[in-house]
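The values are calculated or read from the model by the stated rules, or taken from the named source; none is laboratory data. As the structure is a prediction and not an experimental result, all values here were calculated from the model. Ideal geometry is used to build each Cβ from the backbone, glycine not excepted, and the neighbour counts take in all protein chains shown.
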Number of protein chains: 2
Amino acid sequence: MADYIAPLEDMNFVLNHLVDLDALAQLPGYEDLSTELADSILQEAGKLASNVLSPLNAPGDKAGVHIHGDAEVATPSGFSEAYSQFVDSGWGSLQFDTDFGGQGLPFALAIPVQEMWHAANMAWGLCPLLSQGAIEAIEVNASQELKARYLPNMIDGRWSGTMNLTEPHAGSDMATLRTRAERQGDHYRIFGQKIYITWGEHDMADNVVHLVLARLPDGPPGVKGLSLFLVPKFLANDDGSIGQRNDLRVLSVEHKIGVHASPTCVMSYGENEGAIGYLVGQEHRGMACMFSMMNNARLTVGLQGVSIAERAYQLARDHAKDRPQGIAPGESSIGPIIKHPDVRRMLMTMRALTEASRAVAYVACSSVDLRNKHPDPEQRAHHDARAALLTPVVKGWCTEIGPEVASIGVQVHGGMGYVEETGAGQYYRDSRILPIYEGTNGIQSIDLAERKTRFDNGRAVDSLIVDMRAVIEQGLQGDEKVCRMAQQFAASVDALDEVKNLLLTRPDDDIYFSGSASFNYLLMMGVVCGGWQMLRATIAANGEQGRLPFFANKIKVAQFYMDSVLPRYLSYAAAINAGSESTMALAEGDF
Amino acid sequence: MADYIAPLEDMNFVLNHLVDLDALAQLPGYEDLSTELADSILQEAGKLASNVLSPLNAPGDKAGVHIHGDAEVATPSGFSEAYSQFVDSGWGSLQFDTDFGGQGLPFALAIPVQEMWHAANMAWGLCPLLSQGAIEAIEVNASQELKARYLPNMIDGRWSGTMNLTEPHAGSDMATLRTRAERQGDHYRIFGQKIYITWGEHDMADNVVHLVLARLPDGPPGVKGLSLFLVPKFLANDDGSIGQRNDLRVLSVEHKIGVHASPTCVMSYGENEGAIGYLVGQEHRGMACMFSMMNNARLTVGLQGVSIAERAYQLARDHAKDRPQGIAPGESSIGPIIKHPDVRRMLMTMRALTEASRAVAYVACSSVDLRNKHPDPEQRAHHDARAALLTPVVKGWCTEIGPEVASIGVQVHGGMGYVEETGAGQYYRDSRILPIYEGTNGIQSIDLAERKTRFDNGRAVDSLIVDMRAVIEQGLQGDEKVCRMAQQFAASVDALDEVKNLLLTRPDDDIYFSGSASFNYLLMMGVVCGGWQMLRATIAANGEQGRLPFFANKIKVAQFYMDSVLPRYLSYAAAINAGSESTMALAEGDF
């Protein structure tokens, strides 16, 4: 099984030409940022990904995780050492607050680095991913005292973090959470059970800091009665060292389709005197605090779709170049299967989806930086709206792409693809979690159709469409090839505009419309955003074609995207335009 | 985990209204066939599927198969007993030749029965599926003496059958097979290794009869030098009883993504004196003999897609009705997730795909009966061409639907879907083999675009389109609803016609066109065929609406198909019409 090689050329291209790293470098605090710095960071991260994390991926899948002794979780051989190496090299702290030991780099730069971790070893990568979310929630919402006590160890990675939302009876619906908190002096006591806690217990970090949604006795019912608590496995002493063991433990780990090396824990809080917890943010404002961690986590989970697509592409490509089989059109002897047009179609589809989703994800993440740091409040507001709009698109669309590309990867391998030894199957299994966790893609699509479109009166979508049409204008002034691609893309933007108008103008009494249209709307928005970035990429690459084969290839992949991927919008639009009637026609009892 | 219930109402509807069971009953040899007989056979089969096979499905997946002792394969607990029950009740012999103990029922009736086996337990069902293929190849090609000696035990199921094509270096490409045969008196000696031999060795049947493609020393190179041999695990004595052990054995079983309970064997022939084999058909005509078994096996594998889609739908539907979560539009309190429009969209997509693919598969299989039995040679020729055309469509399209529906089924379950315990994951894993085996869907698509369309000068497609347009005419004379559905469908048929013309008129020097267009062409043909059958179903159900809720529901599902599934043809057509240039633009070395 081939190991993963970070696609540095494409990553740098997206950073330099689509994200506009130069613009980020002008933001206060990012002055040190440069193309060269970015490149050297990516190169170093690529080494850890290829040499350390990637070789552990297949063995980790095979070994899985196991509970032993007194509720300890043993991770696969080598995982803990790899994690120490990651911590020692400072990889965990890239984008975090320099006040607490972070390196203060832009999120947009941490993103390609994280893409590598997940491509190399998604199960392992989930540990820092969850830590990142917990750190962000603490950074934004916790008291200075709590930050000072917990953040430095979390930011340097010696302590990991988790998010505890789900309970057995409450998956997507937080309103019915039952875990309870009781006030006790300067802290709280937490009692309850949480499920699906990714890396809830393990042996890679010295401490696990849980963020737990729980309900105070006097809180209002529903989501408005939830508060967020920091509940560490070990309490931190005043000097930040490990203190008393808290009253929480892992009860079991799930047997899952994939990400076998990532412990998905059932956690129990307060079986005895109650787990000590510290309030993060205000009482009864837990959901708002949770969202501050979930939004970026959603972007990162979307990125995992890109990661696994890249990895699956690399494996399939290597196989297609290696495997002799059949005489392709125009050939006189047996050659590698990459010569067959249908295999080319598969590889091009994989590659075009991967490159387009990478570009969309990175660009969305750069809006997070611009929202946080831009000196101009208008620009901050603009990027706040843009990041909010693109978050469900990145989470939803890119995580549909991950499993799709992984599945094509299995297919490229033929019968060997179905045999676990090949490795393609692991990506197929691993990637299937992506459309589910961190808010199912159904939830994402409703967020996009309702909050981010209808309740926003279409403003953020309109602004996106304005940007897209500016790129079209630019493309129409290019050479014949670029001009044709701009025309192909323009048709999809017009269709998106129409669908958005339909969402806005649909009478309120068609209560099922946005819910039944939303998933197709999300996919349509995703595939059109992909076209947007591929057209931008084409325009950027067009001037540089002679310089490196990379640029000419980028345009070829973009052309394939316009020809064979973008037209998906046609079927999404048709389904949306058909309305909700047939979706809702069958009575519940008739299913 | 809910057990499988055979969808008898839909199966009977398809048989009676779309397949035209009455017409089959007029074929010579099928005189006993009636709606009532069909219904009672389906009911009985449904009991075995629900009560015996289905409960073994999840435990079988968990247990897998293991080699022990002297190259014996142990199947999961209960599998062997279930198989004995299947044999004792005569289920293996339904559609086979009465001369050798078969029951002589139409293939079209054996098909719903087989759908049940695969829905209940696909891993188990692969054993009779492979036997069926072997029996057909022997029926059509073997000498009377060989038939008399081997068929009775195979038809009654006490002996199972396999097909041995693939070798480690030759997957889809048979031209380079190396297994060799040597003449020795009235038989042959076989030497070589075969891989991916489904149910190649096991403990459910008393004997395993292998059909093996091998090369005689004086044969021409390539596929024209292959001959087909019957190579039994135990030779049959003159009285049909078990004789001498043959020189063949299983070397290993694969560790696969799914169908864990189906042994996928590496088989070794002739490690000592050579495995005794008997020629099936003529020397050097092995490929033709193999195809006589592969065509029907392809239809049955397509049917497995329907099976797993049905099973996944049932599980997801039950979960959606059960699981309370969130307040749906128009509701005032928390209700089951089936109330949410996006969950409805998922369930309707699952159901529409399942029903449409079932109809297409059954109708295609009825053409096999009509080809075999119709007294009118013109009708035989018509159905020969129709079966040939629809075989890659059923194999390709229905096996894309299986994994798609299984994946939606995982999604309906949310986080629980990713946990193996729920069962949805098994269908996701099991179904992934379907687009690969029995000729990858890439191979199917090239068969469709080249042999079945271009080399046929479009005649079979034209005849299909004539039939489709006749249904449209009928629909346009119906009520407003049917008329609108006929219009929706008509647009897709026009697009199919155009694409077919493009395939026929494309200059020969565009050597990559059909290969790069073929997969989209297959999917387009599939989704349009689904529309054809859903429109026929609507017309049939329209008169009966008042009689049973089933008929009204059928029309609702068909309307959803027209609104939300059929429009996929738009994106397939766009990709085909874009030509092969961008698919082939990237040089091999640039991947």
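Take the residues of the stretch A:315-364 that are assigned to a helix (DSSP H, G or I) and in contact with a Lys or Arg (Cβ under 7 Å, 6 or more places away or on another chain): which is farthest from residue A:401 (Cα to Cα)? I'd like the intermediate steps shown before the answer.
Looking only at the stretch A:315-364, we keep the residues that are assigned to a helix (DSSP H, G or I), and these are A:315-322, A:337-339, A:341-364.
Subset that is in contact with a Lys or Arg (Cβ under 7 Å, 6 or more places away or on another chain): A:337-338, A:347.
Values: A:337: 23, A:338: 22, A:347: 14 Å.
Selected residue: A:337.
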- Would you kindly identify the helices (runs of 4 or more DSSP H) lying entirely within the stretch A:415-488 that contain at least 3 residues that are more than 30 Å from residue B:428 (Cα to Cα)? A:459-476
- Query: Would a scan of the stretch B:359-370 turn up a residue that is surrounded by 24 or more Cβ atoms within 10 Å (Cβ to Cβ), within 14 Å of another protein chain (Cβ to nearest Cβ) and of a type in the set (Phe, Trp, Tyr)?
  - Reply: no
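Each row is one residue, and each column tells you yes or no for (1) closer than 22 Å to residue B:386 by Cα; (2) modelled with pLDDT under 95.
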{"position": "B:523", "(1), (2)": "yes, no"}
{"position": "B:545", "(1), (2)": "no, yes"}
{"position": "B:551", "(1), (2)": "no, no"}
{"position": "B:559", "(1), (2)": "no, no"}
{"position": "B:564", "(1), (2)": "no, no"}
{"position": "B:570", "(1), (2)": "no, no"}
- Item | Leading residue by the ranking (surrounded by the most Cβ atoms within 10 Å (Cβ to Cβ)) among those in the stretch A:311-336 that are modelled with pLDDT of 95 or more and in contact with a Phe, Trp or Tyr (Cβ under 8 Å, 6 or more places away or on another chain) | A:311
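Listed here are the residues, each with its yes/no results for (1) facing chain A (nearest Cβ under 8 Å); (2) touching a strand residue (DSSP E or B) at 6+ places or on another chain (Cβ under 8 Å); (3) buried (at least 23 other Cβ atoms within 10 Å of the Cβ).
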residue	(1), (2), (3)
B:529	no, no, yes
B:542	no, no, no
B:545	no, no, no
B:557	yes, no, yes
- Across the stretch A:421-439, what is the number of residues that are in contact (Cβ under 8 Å) with a residue 24 or more places away in the chain, closer than 13 Å to residue A:257 by Cα and β-branched (Val, Ile, Thr)? 1
- Qualifying residues in the stretch B:424-440 (those that are more than 7 Å from every other protein chain (Cβ to nearest Cβ) and farther than 13 Å from residue B:122 by Cβ) - the one surrounded by the most Cβ atoms within 10 Å (Cβ to Cβ): B:424
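Got a sec? Which of A:119, A:137 is crowded, with 24+ Cβ neighbours inside 10 Å and under 17 Å from residue A:95 (Cβ atoms)?
Details: A:119 fails: under 17 Å from residue A:95 (Cβ atoms).
Result: A:137 is the single residue among A:119, A:137 that is crowded, with 24+ Cβ neighbours inside 10 Å and under 17 Å from residue A:95 (Cβ atoms).
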- Message: The conditions are (1) in the same structural domain as residue B:305 (by TED's automatic domain parsing); (2) touching a residue at least 24 places away in the same chain (Cβ under 8 Å); (3) buried (at least 22 other Cβ atoms within 10 Å of the Cβ), and residue B:418 fails exactly one of them. Which is it?
- Response: (2)
- Hey, residue A:258 touching an Asp or Glu at 6+ places or on another chain (Cβ under 7 Å) and more than 14 Å from chain B (Cβ to nearest Cβ) or not: no
- Those residues that are over 30 Å from residue B:413 (Cβ atoms) and either crowded, with 19+ Cβ neighbours inside 10 Å or of a type in the set (Gly, Ala, Ser) (or both), I need them from the stretch B:1-16; list them, please. B:15
- Residue by residue through the stretch B:441-496, note down the ones that are away from chain A (no Cβ under 12 Å), touching a Lys or Arg at 6+ places or on another chain (Cβ under 9 Å) and within 15 Å of residue B:529 (Cβ to Cβ). B:453, B:460, B:461, B:462, B:463, B:464, B:465, B:467, B:471, B:490, B:493
- Subset of the stretch B:410-420, residues of a type outside the set (S, T, N, Q) and within 7 Å of chain A (Cβ to nearest Cβ), comes to B:410, B:414, B:415, B:417, B:418, B:419, B:420
- If you go through B:287, B:350, the only one that is more than 9 Å from chain A (Cβ to nearest Cβ), among the aliphatic types (A, V, I, L, M) and under 22 Å from residue A:581 (Cβ atoms) is B:350
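Which count do you get for residues in the stretch A:572-587 that are without any contact (Cβ under 8 Å) to a residue 40 or more places away in the chain and at the interface with chain B (Cβ under 7 Å from one of its Cβ atoms)?
Let us first name the residues in the stretch A:572-587 that are without any contact (Cβ under 8 Å) to a residue 40 or more places away in the chain, namely A:574, A:578, A:581-582, A:585-587.
Still in the list and also at the interface with chain B (Cβ under 7 Å from one of its Cβ atoms): A:574, A:578, A:582, A:585-586.
Summing the residues that are without any contact (Cβ under 8 Å) to a residue 40 or more places away in the chain and at the interface with chain B (Cβ under 7 Å from one of its Cβ atoms) in the stretch A:572-587 gives 5.
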- Neighbours by Cβ (under 6 Å, 6+ apart or cross-chain): first from the stretch A:201-213, surrounded by 23 or more Cβ atoms within 10 Å (Cβ to Cβ) and at pLDDT 95 or above; second of a type in the set (Gly, Ala, Ser) and assigned to a strand (DSSP E or B): A:205/A:160; A:208/A:160; A:209/A:161
- Query: Is it the case that the stretch A:65-78 has a residue that's in contact with a Leu (Cβ under 6 Å, 6 or more places away or on another chain) and either assigned to a loop (DSSP other than H, G, I, E, B) or over 14 Å from residue A:262 (Cα atoms) (or both)?
  - Reply: yes
- Query: Among the residues of the stretch B:1-50, which ones are assigned to a loop (DSSP other than H, G, I, E, B) and closer than 30 Å to residue B:416 by Cα?
  - Reply: B:1, B:2, B:3, B:4, B:5, B:6, B:7
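Within the group B:143, B:160, which residue is assigned by TED's automatic domain parsing to the domain that holds residue B:284 and out of contact with any strand residue (DSSP E or B) (no Cβ under 6 Å at 6 or more places or on another chain)?
Details: B:160 fails: out of contact with any strand residue (DSSP E or B) (no Cβ under 6 Å at 6 or more places or on another chain).
Criteria check complete, one pass: B:143.
How many residues are hydroxyl-bearing (Ser, Thr, Tyr), over 15 Å from residue B:290 (Cα atoms) and away from chain A (no Cβ under 14 Å) if we restrict to the stretch B:157-178?
Restricting attention to the stretch B:157-178, the residues satisfying the condition of being hydroxyl-bearing (Ser, Thr, Tyr) are B:160, B:162, B:166, B:172, B:176.
When the remaining residues are screened for being over 15 Å from residue B:290 (Cα atoms), the result is B:160, B:176.
From what's left, away from chain A (no Cβ under 14 Å): B:160.
Final tally of qualifying residues: 1.
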- Query: Can you tell me which of B:332, B:367, B:357 is without any contact (Cβ under 8 Å) to a residue 40 or more places away in the chain, more than 30 Å from residue A:449 (Cα to Cα) and of a type in the set (Gly, Ala, Ser)?
  - Reply: B:367
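Assess whether residue A:283 counts as being charged (D, E, K, R) and within 28 Å of the chain's Cα centre (by Cα).
Numbers: charged (D, E, K, R): yes; within 28 Å of the chain's Cα centre (by Cα): no.
No, not satisfied.
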